[in-house]
Amino acid sequence: MKKIIVYSIVGLATALSGCKKDSDFLDIPPVQVLPSETVFSDPALILSVLGDLYNRQVDFSSLDGGWRTFADFSESFPSENGSDFLVTRSGWGYGEWGTWDYGYIRDLNLFLQRMDATEVSTKITAGDKARFLAEGRFLRANYYFEMVKRMGGVPLIIEPMQYDYKGDPTYLQRPRAKEAEIYDFVISEAEEIKNDLPANLADKSRATKAAALAMESRAALYAGSIAKYGATTPTVSLSTGEVGIAASQANGYYTIALRAANEIIDQSAGTVSLYRALPDLEENFAAIFLDKSSVNQESIFIEDFKAFAGKTHGFTTNDQPYSRSDEGGDAGRLNPSLNLVEQFELLNGTFAPLPIGTSASRIAYNNQEDLFAGRDARLRGTILVPGAYFKSGQLKIKAGEITSAGTIVTTDASGGSLVGTDGPVNGLEFRTQTGFYIRKWLDPQTGSGRRGRGSDVAFIRYRFGEVLLNAAEAAFELGQPAVAAGFMNQVRERAGITTPLTAADINFDRIVHERRVELAFEGHILFDYKRWRIADKVWNGDATSYSDIINNLGKATAKSTQPWGLWPYRVQDGANAGKWIYIETKPSRVTGVNRFQLGNYYSAIGDDIRAANPTIVRQPNQ
Amino acid sequence: MKPMNKYGLFLLGVLAFASCKKDNYDAPSSQLTGRVVYQGEQLGFEQNQVTFELYQSGFGKTGPMGSTFKQDGTLNALLFNGTYKMIVPNGQGPFIWPKTASGAPDSLVINVNGSQSIDINVTPYYMIRNLQINGSSSTVTAKFDLEQIATGADAKEVEEVALFVNKTDFVSNSGDHKMREQKKPASDFPGLTNISLNAEVPSVTPAQNYMFVRVGVKIDGVEDWLYSQVQKITY
């Protein structure tokens, strides 16, 4: 009897549970993924999708991309044994700096398509929808800008493509657009979305009107200079326009660059100003890159980080001065070169090499930092020189001692009585090997140099200082040198330079030089030198001597193919006993030279990409 | 011995032999050697700077096998037998490579069937003629003439000429391929004849009683230099 009851219960249960309709049985909502109609009905969920897209932006130099993204081009020396290829190689491969992430483009296109669907409008407000759409388009335009800088014209895909599984994908193969068409796309997108974005800078890690305009002005400036200076390298072009822009378009682009920059300068995109919070101009310049509070009205669009919340970077760990390291031996990789240091002007706005004397008679200084006194505040705001302080401790940069007869006494170990804890010794990694440490982006916060904590200094992608220089360059190219001088003087005055530039002072060399010192280690130099078509002259493959560096200060095409250093020695005896002298030194690891070939102007498109899509034409000179 | 082990051993033997064939291809064994010539005279390049590409179609997607000429203007490739197409990409080399109507580099068909050697005839912009290099332990002098080969629409001016000295037999304008050099603009040599250059012989450690020398020509608007063959001078 008991058995019968048990069996019948089990039988009944089985029979009844099998009675559901098939469609009901199979069609259950997933519990692990959010379906897109759920996501696109809630602003918070949409923002989290957008957060992923923001996170996947591509930068050339970036704090979470590693210190090495700042290290090349003889502006610095890499003090890490595994990275000495940067100074031992004799040029770059054609594939270097390439990017081709159409997966990201597809995700952006899908986001825009789903965001634009009519049913979304019933769920979220029109204002939210417009802003989300504008942010998606901003990110897409920004990535196309990143691609065109590196690859020239690329296939312009602005809708998610779908394969029909019929075996013939040729209808999905798009040829490369013209280089000018990509720049036009970036510019027109910025114009169309700018009014859907907030006209204030309350949240700088999201797209704003100012960010869109800053992108527009930079993109138009790049396009204008490629059009103008492309004539100096006529072979760097394709007759079909995928590479190269017609010279006749230069003025049009420069006009757009100036107009977009002016729209930021006249405050119509929110309050922006140069950072002037601190009385000490050197501290002030360094603080631009550290201050994330609302006091900083200079930064426009940033990649933000947050300590103890999972988003940090190791820039400070990698590059902090060895003697001030929070993490034992982890320090000191990025050493700015003498090539860059010499570029900083005197406060009266003239160029002069650092007065170290000659090998026959060196000039002795009481304090190490005296050599660098009276210079553009950006020098010591960007670079830690010998004698500088970091985290309230003075750096111990000392290459050895020297007798009054000129005999150098030194050892191969740092930290003893002869050589400073911070170096320099040839080949001794993690200490400076040029005599300098980086200061820009270096976080003075306690513990920020530890691997576990990391630093949360934000990376500034667009800032007002650059916008002013964009405007200055565009105005100069449009034949308005007085306007250009006005913009440049704002930036230079903030750096403590007392003599303003006049309209007659503005020339191409000045424009190039100002960007080099103001925007050092911000990821500009490669793209600037490429668009001016001077990369093959500056990095021409010939060795650089000390006289090359000091004799051509401020010249746009002066070569800079090998990083030099400047090593301090303490005088042991004689009249100058206890004082410091400096000797220019090429670190012994520097055996290669930078050679930028014509084929490097546009990164190679991979053979796999060209095999999969035969309509893609190859880059010139490769 | 248990029967299981006997079968097991047998099975293992079968598997071991079965896996030895079929899925393994022989390595390519046909050696293609070639040299870039103009009227039988080999051209000189910088090592690994002038690229060429070989294509073999019929295996799905088409992609190049890219490689570079050596500094004496020769190439060397181990290939499977078959038909290949060779191109020199646009903008490569101090010579004119034929182009198709659309501007793409024209291809040279090479049938590889066993090892063989080919001459690749090209039209250089210039040729270095009557080269005389003399060296002592202190200086090297070079005298030569330039003959313009490409004329008409293809003609290009000479930008500069140079003499390079290096302690190893890699000699070129590349930074680590030269210890001493002398460069002169073409305007110093009207008519491009009797060009004379001289350079100091560097002292090196460890000491050696020979140096490697060659002259080069930079042609306006062409990135790759044209070089003479490397000569060794002993003193």
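Table: residues versus (1) facing chain B (nearest Cβ under 10 Å); (2) at pLDDT 90 or above.
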residue	(1), (2)
A:Val512	no, yes
A:Trp532	no, yes
A:Asn552	no, no
A:Lys555	no, yes
A:Thr561	yes, yes
A:Val571	no, yes
A:Tyr582	no, yes
A:Ile605	no, yes
A:Gln622	yes, no
Of the residues in the stretch A:395-406, those that are within 22 Å of A:Gln433 (Cβ to Cβ) and among the β-branched types (Val, Ile, Thr) come to A:Ile397, A:Ile402
Could you tell me whether the stretch B:110-119 includes any residue that is free of Cβ contacts under 8 Å to residues at least 40 places away in the same chain and within 13 Å of chain A (Cβ to nearest Cβ)?
-> no
How many residues of the stretch A:349-394 are open to solvent by 30 Å² or more (accessible area, probe 1.4 Å), among the basic types (Lys, Arg), more than 14 Å from A:Gly435 (Cα to Cα) and not in a strand (DSSP E or B)? The answer is 1
Any strands (runs of 3 or more DSSP E) falling wholly within the stretch B:59-122 and containing at least 1 residues that are touching a helix residue (DSSP H, G or I) at 6+ places or on another chain (Cβ under 9 Å) and open to solvent by less than 70 Å² (accessible area, probe 1.4 Å) = B:65-68
Only one of A:Arg595, A:Arg610, A:Arg515 is closer than 29 Å to A:Asp376 by Cβ and of a type in the set (D, E, K, R); which?
-> A:Arg515
Of all residues in the stretch A:195-213, count the ones that are open to solvent by 20 Å² or more (accessible area, probe 1.4 Å), in a helix (DSSP H, G or I) and in contact (Cβ under 8 Å) with a residue 60 or more places away in the chain.
-> 2
From the list B:Gln49, B:Gln31, pick out the single residue that is open to solvent by less than 60 Å² (accessible area, probe 1.4 Å) and either within 14 Å of another protein chain (Cβ to nearest Cβ) or in a strand (DSSP E or B) (or both).
-> B:Gln49
Looking at A:Arg431, A:Arg451, which is the one that is basic (Lys, Arg), open to solvent by 10 Å² or more (accessible area, probe 1.4 Å) and more than 24 Å from A:Arg589 (Cβ to Cβ)?
-> A:Arg451
In this structure, does A:Asp27 turn out to be within 30 Å of A:Ala207 (Cα to Cα) and open to solvent by 20 Å² or more (accessible area, probe 1.4 Å)?
-> no
Within the stretch B:203-235, tally of residues that are open to solvent by 40 Å² or more (accessible area, probe 1.4 Å) and either acidic (Asp, Glu) or part of a loop (DSSP other than H, G, I, E, B) (or both) | 12
Residues of the stretch A:605-617 being open to solvent by 20 Å² or more (accessible area, probe 1.4 Å) and within 27 Å of the chain's Cα centre (by Cα), which ones?
-> A:Gly606, A:Ile609
Restricting the stretch A:544-561 to residues that are closer than 22 Å to B:Ser174 by Cβ and part of a loop (DSSP other than H, G, I, E, B), which is most open to solvent (accessible area, probe 1.4 Å)?
-> A:Thr557
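Here is a yes/no grid of residues against (1) under 30 Å from A:Leu566 (Cβ atoms); (2) aromatic (Phe, Trp, Tyr); (3) at pLDDT 90 or above:
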{"site": "A:Asp27", "(1), (2), (3)": "no, no, no"}
{"site": "A:Val39", "(1), (2), (3)": "no, no, no"}
{"site": "A:Leu45", "(1), (2), (3)": "no, no, yes"}
{"site": "A:Ser48", "(1), (2), (3)": "no, no, yes"}
{"site": "A:Gln57", "(1), (2), (3)": "no, no, yes"}
{"site": "A:Trp67", "(1), (2), (3)": "yes, yes, yes"}
{"site": "A:Tyr102", "(1), (2), (3)": "no, yes, yes"}
{"site": "A:Phe111", "(1), (2), (3)": "no, yes, yes"}
Which listed residue is out of contact with any strand residue (DSSP E or B) (no Cβ under 8 Å at 6 or more places or on another chain) and within 13 Å of chain A (Cβ to nearest Cβ), from B:Gly58, B:Gly91, B:Gly66 = B:Gly91
Mind counting the residues in the stretch A:524-543 that are touching a strand residue (DSSP E or B) at 6+ places or on another chain (Cβ under 9 Å) and open to solvent by less than 10 Å² (accessible area, probe 1.4 Å)?
-> 2
Out of A:Gly523, A:Gly592, which single residue is under 26 Å from the mean Cα position of the chain (by Cα) and within 14 Å of chain B (Cβ to nearest Cβ)?
-> A:Gly592
Go through the stretch A:282-297 and give me each residue that's surrounded by fewer than 24 Cβ atoms within 10 Å (Cβ to Cβ) and assigned to a loop (DSSP other than H, G, I, E, B).
-> A:Leu290, A:Asp291, A:Lys292, A:Ser293, A:Ser294, A:Val295, A:Asn296, A:Gln297
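The values are calculated or read from the model by the stated rules, or taken from the named source; none is laboratory data. Computed from a prediction, not measured in an experiment: that's the story for all the values here. Here the Cβ is made from the backbone with ideal geometry for all residues, glycine too, and neighbour counts use every protein chain on show. These accessible areas exclude ligands, DNA and RNA; they are computed on the full protein's heavy atoms, side chains included. Shrake-Rupley method; radii C 1.70, N 1.55, O 1.52, S 1.80 Å.
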